Amino acid sequence: MRLAGWTTLFAAASIVFGCGDDHDHAHEMHRRAFPPTQLPLPSRPLVWGDVNVIATTDTHGWLLGHQKTSWPEPNYSGDLGDFYSFVEHMKLIALEKDVDLLLVDSGDVHDGTGLSDGFPPGGVDAHDSNKFLLDLPYDLMAIGNHELYIYANTFDMYTNFAPKLNGRYLSSNVNITVFNEHGKPESVPVGNRFVKFKTRKGRSVTSLGILYDFTGNDVNTTVQTVADMVKEEWFAEAIKDEPDFFLLIGHMPVSNDNWPVVFSAIRAVHPTTPMLIFGGHTHIRDCGNVAPPYFMFCLSRLILVTTVQYDGRTMALESGRYMETIGWMSANLDDVPQHENISFTRRYLDQNRVTYEYHATTSNFTFDTLEGRLITAGMQQLAKDFDLGFQYGVAPQDYFLDAAPYPSNNSVLTLLVAEAMPYALTINNSRIDVPNIMIVNSGEERFDLYSGPFTKNDQLTTLPFTDAFVYIPDVPFSVANQVLPMLNHQGADEKRSLEYIEREMAEYARGEVGRRYRRWLQEMNRRGAEKRAAANLTLGYVTHDSCPGVGDDVAHSPLPFFDTPDFVGSNPPTVSDDTPVDLVFINFIQDQLLEVLNSVSTTNYTDDSVISYTPTLANAVLGLYAQKFWN
C-alpha cells in the first residue's frame, strides 16, 4: 500500500499557517492536530463523465475538520479551506477535460460543533460559520431539518443565507411565515422551490430541493409532505419542460424514504430523462440506481411499496455526515439512446488533504489556493472569537459512543450518566442529599470523546444540545426504578410490535436519525470480519450499497460496533422500595417518560408535576465534570 507522508504536510502547513511554532495555550485552537502516522492514498483515480458532481451533506458545523489523532479521525482531518482548494483544482481539471463539474449540498448545516454552536449570547446558531460555506462555489444547496428546529435559525437562512445563493438555495416543500411589505403575516418559501439553469457546457438542468416528511419544525415554519408537494401546480409547471437532466437534491435518504415518489412523478411526464439525485439526513454512505422495495410508515399501518423503483437512467447518492465523506458522481449523458441505460460511477472520498492532493494531482506545495488559506484563517479566527480552545481538562482515554459496549469504562454514555451527570447536576443543588435516578436518551450524546485536551469545542461536539434537566420529586423508588427499562421497551416481541414501529417512525419524523445510522454501523461490523483481519488497513467506513462496484475510495477496516439502549440512566441508589427519590430526566423526553411513569404508578403525574432540577444545561455537563476530575 502506498502511503502519503504527513511529516511533509505538517511542515508545509506550519510554514503556511504558522501553527507549528506557537506555544500551547489553554485558549488557543490550532488549525488541526496532525496525526503522528500516515494516511493511505486513494485506491484509484476518479472516473470522469460528461457530467460530474461533488456532493456534501449533513456538515453540521464540522468545517474545521476532525482534529483528533485517534482513529478514524485522521481520515477526516481536512477543513473547509482544504475542500475549497480541492474544488478549485477539480474545476480546472474539468476545464481541461471539457466536461461539466457541479457542486451541491443536501442540508443540515446547523448543530454539531463549536464553530456553529459556540456563538456568544444573543447570536444565532451557525450564522457566522455559514459565511464560510457561502465562500464555496456551490451550484445548489438544500434546506435540512436542523435548519427548522428554531425559528431564528430559519429566519437567518431566509434573510442572510438564501439571498446570497441567487436562487440556488432550494426549499421546495418548506415555508417560513414572515411579515410582508404590508405588515401582514405571509407563508413563503425559505429559499426557492425550484431552479432551472444551464451548465458551463450548455446543458439545461431542472433542480428541486426537497425535505423529507419532517414534523419537528418550529412554529411559523411549514413542511409539506412529499406526496402532497408533487400534486402542486408549481411542481407540474416546474417539470413540464424537458431538461437535459434533472438534478434533484434534498435532505431525504436515498433508500427507504420518499425519493421514489418524486422520481415517479417526474417519470410520468418524462419517461427517459436522466436524473441525478443527491440525498441526506441518515448520515450514511448510500447509493442506488435500481432501488429495492421500500417501506412507507404511517401512524396507523406499515406498507411495503414495490411498484416504484429508480431505473438505469437514474442514480441516487448520499454522502455521509460531519465532513467525513465527500461524494462523487459521474454520468455519461451524451449520445446515449433514450432506451439505453446511462453509465454512472460513484465514489465516497475520505475528507483529508491526502485524498484531495491525489485526485487533484497536486502536492503539499501546490495544493493550497489563496482562497482556501483565507477560509482556514477565517475559521481559525472565529474559533478564537468563540474561545473554542478553552481547555476544561485532559481526557485520560478515548470514550466511544458505538465502538465500546454500554455499560463499560470505555463508553461515553457510561461516562455521561454514571459519572458526569451525578456530579454536574448536583453542583449547588439543594436536592443533593435526596436520592435520585437520572435518565437521558442516548441520542443526547452525538459523538465520541477522545483522549487529550478537552476543550469548549469538544464539549459542544460531543454533546451540543441545550436541553434542560427537570425532575419529579418524591417518586417511590420501586416505581422510579421501573421507568428506564420500560422506556427501553425490553424484549424482542415489543420491538416487533406495531406500536413500537409507529413510535420509532414518529421519532424519525421529528428528526431522530441515530437508529438508522447505528443499524448501518451494525451491518458494517457484521460484514467486516475479513476486512478487520487484513493488515495495513486503518479504521473507517466499509460501504455496501446497491450500486455496482466498490464505492469507497480507500479500503478500511470497519469500526467495531456495540448496540446501545435508546435510554440510559445513572446507577440507582441503594434504598428501600418505598424510599422517595427524585426522578431526574432531560426535558426532551418528558412526554414519553410521563406516559411510561403513569403506566407503572398509581399516582397520575402530569406536566405540572415536573420541576426544574438545575440551571445547568446538557451541553455544559461534560465540561463541568472535566474541570473537576480531569485537571
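The values are calculated or read from the model by the stated rules, or taken from the named source; none is laboratory data. These figures come from a predicted structure and were not determined experimentally. With ideal geometry, Cβ positions are generated from the backbone for all residues, glycine too; neighbour counts draw on all protein chains shown.
I'm told Asn130 meets every condition in (1) within 17 Å of Val190 (Cα to Cα); (2) within 19 Å of the chain's Cα centre (by Cα); (3) in contact (Cβ under 8 Å) with a residue 40 or more places away in the chain except one. Can you identify the failing condition by its number? All conditions pass for Asn130, except number (3).
If you go through the range 416-447 and pick out every residue that is within 24 Å of Ala395 (Cβ to Cβ), over 21 Å from the mean Cα position of the chain (by Cα) and either among the polar types (S, T, N, Q) or assigned to a loop (DSSP other than H, G, I, E, B) (or both), you end up with 3. Just one of Ala383, Ala377, Ala316, Ala331 is more than 22 Å from the chain's Cα centre (by Cα), buried (at least 24 other Cβ atoms within 10 Å of the Cβ) and of a type in the set (Gly, Ala, Ser); which is it? Result: Ala331 is the single residue among Ala383, Ala377, Ala316, Ala331 that is more than 22 Å from the chain's Cα centre (by Cα), buried (at least 24 other Cβ atoms within 10 Å of the Cβ) and of a type in the set (Gly, Ala, Ser). Scanning the range 448-493 for residues that are assigned to a strand (DSSP E or B), closer than 25 Å to Pro580 by Cβ and not hydroxyl-bearing (Ser, Thr, Tyr) gives Phe469, Val470, Ile472, Pro473, Asp474, Val475, Pro476.
Among the residues making up the range 334-374, those that are of a type in the set (A, V, I, L, M), over 26 Å from the mean Cα position of the chain (by Cα) and more than 26 Å from Val554 (Cα to Cα) are Val336, Leu370. Across the range 574-615, which residue is surrounded by the most Cβ atoms within 10 Å (Cβ to Cβ) among those that are touching a strand residue (DSSP E or B) at 6+ places or on another chain (Cβ under 7 Å) and under 30 Å from Val394 (Cα atoms)? So, considering only residues that are touching a strand residue (DSSP E or B) at 6+ places or on another chain (Cβ under 7 Å) and under 30 Å from Val394 (Cα atoms), the one surrounded by the most Cβ atoms within 10 Å (Cβ to Cβ) is Phe585. Might you check whether a residue that is within 17 Å of Asp218 (Cα to Cα) and of a type in the set (Ser, Thr, Tyr) occurs anywhere in the range 136-147? No, because not a single residue in the range 136-147 is within 17 Å of Asp218 (Cα to Cα) and of a type in the set (Ser, Thr, Tyr). Asn631 passes every criterion in (1) modelled with pLDDT under 95; (2) touching a helix residue (DSSP H, G or I) at 6+ places or on another chain (Cβ under 7 Å); (3) part of a loop (DSSP other than H, G, I, E, B) apart from (2). Scan the range 400-407 and tell me whether some residue there is outside any loop (DSSP other than H, G, I, E, B), of a type outside the set (Lys, Arg) and closer than 29 Å to Ile439 by Cβ. Checked against the condition, which is being outside any loop (DSSP other than H, G, I, E, B), of a type outside the set (Lys, Arg) and closer than 29 Å to Ile439 by Cβ, the range 400-407 yields at least one hit.
Reported count of residues in the range 361-389, each being under 17 Å from Gly65 (Cα atoms), of a type in the set (Gly, Ala, Ser) and not in a helix (DSSP H, G or I), is 1.
Against the test of being closer than 23 Å to Ser408 by Cβ and at pLDDT 95 or above, the options Gly569, Gly528, Gly514, Gly551 yield a single qualifying residue, Gly569.
State yes or no: is Asn153 under 19 Å from the mean Cα position of the chain (by Cα), over 30 Å from Pro558 (Cα atoms) and of a type outside the set (D, E, K, R)? Spell out the reasoning first.
On the way: under 19 Å from the mean Cα position of the chain (by Cα): yes; over 30 Å from Pro558 (Cα atoms): yes; of a type outside the set (D, E, K, R): yes.
Criteria met by Asn153.
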